[in-house]
Amino acid sequence: MRSNILPLALIASLGLGTAVLAASTDTTGVIKSIDAKAMTVMLEDGTTFHLPAGYDVKPFKVGEKVVVSWEMKGTLKEASALKAS
């Protein structure tokens, strides 16, 4: 029985680590640039977020403080929502 505990604990910890990585993250910052053609928004700290195709960026302006909800997809930070704050 004791020999089964370690493998089960290892499997459980690996599953939890993957769930945490997939969770959405919120980042607050000021918009430095908006590229509607490339569907990207760059914050003043240099972080670039990729928006979904067709996302309406017209309501947002350079210099505006926003909250970006995003997830890592490979090497890209893909935003799911952009909100003025």
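Through the Karplus equation 6.51 cos²θ - 1.76 cosθ + 1.60, θ set to phi - 60°, convert the phi angles of the range 62-67 into ³J(HN,Hα) values in whole Hz; use x for Gly and Pro.
In residue order, the calculated couplings are 4, x, 7, 7, 9, 10 Hz.
When the Karplus curve 6.51 cos²θ - 1.76 cosθ + 1.60 is applied with θ = phi - 60°, which whole-Hz ³J(HN,Hα) does each residue of the range 52-57 get, with x for Gly and Pro?
Per residue, the Karplus-derived 3J(HN,Hα) values read x, 4, x, 5, 7, 9 Hz.
Throughout, read-outs are computed from the coordinates displayed, never taken from laboratory work. All values reported here derive from a predicted model rather than from experimental measurement.
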